Amino acid sequence: MDEFSRLVATIRPLLDARIQMDGGAISDDHHPFNDTEWQQVARANHKRQREFVCGRHHAHRLLDTLGFADSIIGRDDRGCPLWPAGIVGSISHTSDFCIAMLARAEQFQSVGVDLEESGRLKPSLWPRLFSQAEVADLGSIADPVEQIRRAAIMFSAKEAFYKCDYPVNQRSYDFMDLRVSIDQQSRRLTLHLDGSEQQLQHHAVYASGMTHVVTAVYLDGRS
């Protein structure tokens, strides 16, 4: 089993069983699902087209599972996917892999998924992405490799949170606005708005490997 498959196999049991997840390597083997969606990236470069088509491919596999075969995935003014009525979802990719996560809107308010290459969150980036307290916490870790891994999890969780929260609340956040705490034993994350001790209601989990991390954030159907 390759690392990406291990990541998915690790995070899937941590999710609510009603949430669907699918992903894989980005390659030229995937083909546009339909002309309407292809027009969204028809003028983009080849790299962007491959990423887009791969993400949509795995999203449509999940739509089929949920009974929405032949549906169209649109795109809003911010470039975010527009899902068929009755579906909430999220797509993420790196240069090598893509992942999609979907659920029924009657069961979940929103979901967000993020995939990151763990090695790119170097210490020079931390002051732009993390609060002073988070930077201090990362700096207290003796192992540089573990520092980078934790930074990748925290950054990925922030990205997944924004993807999950925006469709519900239409709020824009800075990276500094969210504080992420990691429970390595349970692979669960605690999310707080910076300066607040009240935990957000979003469920958040993660899986990490040698080269990638994946995080998932979701809000259940309670209003």
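The values are calculated or read from the model by the stated rules, or taken from the named source; none is laboratory data. Note that the coordinates shown come from a computational prediction; the quantities given were computed from them, not determined experimentally. Using ideal geometry, Cβ is built from the backbone for each residue, glycine included, and neighbour counts are taken over all protein chains shown. In case anyone asks, the SASA skips ligands and DNA or RNA and just uses the protein heavy atoms, side chains included. Shrake-Rupley method; radii C 1.70, N 1.55, O 1.52, S 1.80 Å.
Going through (1) more than 28 Å from ARG6 (Cβ to Cβ); (2) loosely packed, with under 15 Cβ neighbours inside 10 Å one by one, LEU200 falls short only on (2). Are any residues in region 1-19 part of a loop (DSSP other than H, G, I, E, B) and open to solvent by 50 Å² or more (accessible area, probe 1.4 Å), and if so, which ones? Within region 1-19, MET1, ASP2, ALA17, ARG18 qualify. Residues in region 182-194 that are under 17 Å from the mean Cα position of the chain (by Cα) and in a strand (DSSP E or B): ILE182, ARG188, LEU189, THR190, LEU191.
Results for (1) free of Cβ contacts under 8 Å to residues at least 12 places away in the same chain; (2) out of contact with any Cys (no Cβ under 7 Å at 6 or more places or on another chain); (3) not aromatic (Phe, Trp, Tyr), shown as yes or no for each residue.
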residue	(1), (2), (3)
SER181	yes, yes, yes
LEU193	no, yes, yes
GLN198	yes, yes, yes
HIS202	no, no, yes
THR211	no, yes, yes
VAL217	no, no, yes
ASP220	no, yes, yes
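Note on region 20-29: among residues that are within 21 Å of the chain's Cα centre (by Cα) and part of a loop (DSSP other than H, G, I, E, B), the one that is surrounded by the most Cβ atoms within 10 Å (Cβ to Cβ) is ILE26. Checked against (1) out of contact with any Pro (no Cβ under 9 Å at 6 or more places or on another chain); (2) on the phi < 0 side of the Ramachandran plot, GLN170 meets all criteria but (2).
Checking the structure you have, find out if any residue of region 34-43 is out of contact with any Gly (no Cβ under 6 Å at 6 or more places or on another chain) and in contact (Cβ under 8 Å) with a residue 40 or more places away in the chain.
no
Considering every residue within region 127-146, establish whether at least one is within 30 Å of ILE26 (Cα to Cα), among the hydrophobic types (A, V, I, L, M, F, W, C) and modelled with pLDDT of 95 or more. There is no residue in region 127-146 that is within 30 Å of ILE26 (Cα to Cα), among the hydrophobic types (A, V, I, L, M, F, W, C) and modelled with pLDDT of 95 or more. Of all residues in region 46-64, those satisfying the criterion of being modelled with pLDDT under 95 and surrounded by fewer than 17 Cβ atoms within 10 Å (Cβ to Cβ) are HIS46, LYS47, ARG48. Can you say whether ARG75 is touching a residue at least 24 places away in the same chain (Cβ under 8 Å), surrounded by fewer than 19 Cβ atoms within 10 Å (Cβ to Cβ) and among the basic types (Lys, Arg), as far as the supplied structure shows? Yes. Out of all the residues in region 150-174, which are more than 15 Å from the chain's Cα centre (by Cα) and either among the hydroxyl-bearing types (Ser, Thr, Tyr) or surrounded by fewer than 20 Cβ atoms within 10 Å (Cβ to Cβ) (or both)? Residues satisfying the conditions are VAL168, ASN169, GLN170, ARG171, SER172, TYR173, ASP174.
Among the criteria (1) crowded, with 17+ Cβ neighbours inside 10 Å; (2) at pLDDT 90 or above, the one SER186 does not fulfil is (1).
So, in region 30-45, exactly how many residues are open to solvent by 20 Å² or more (accessible area, probe 1.4 Å) and touching a helix residue (DSSP H, G or I) at 6+ places or on another chain (Cβ under 6 Å)? Before the answer, list the steps.
Within region 30-45, the subset open to solvent by 20 Å² or more (accessible area, probe 1.4 Å) is 30-36, 38-40, 42-45.
Narrowing the set further to residues that are touching a helix residue (DSSP H, G or I) at 6+ places or on another chain (Cβ under 6 Å) leaves 30, 32-33.
The total comes to 3.
Identify, please: which residue in region 114-145 is in contact with a helix residue (DSSP H, G or I) (Cβ under 6 Å, 6 or more places away or on another chain) and either open to solvent by 60 Å² or more (accessible area, probe 1.4 Å) or free of Cβ contacts under 8 Å to residues at least 40 places away in the same chain (or both) and is, among those, nearest to CYS98 (Cα to Cα)? It comes out as LEU121.
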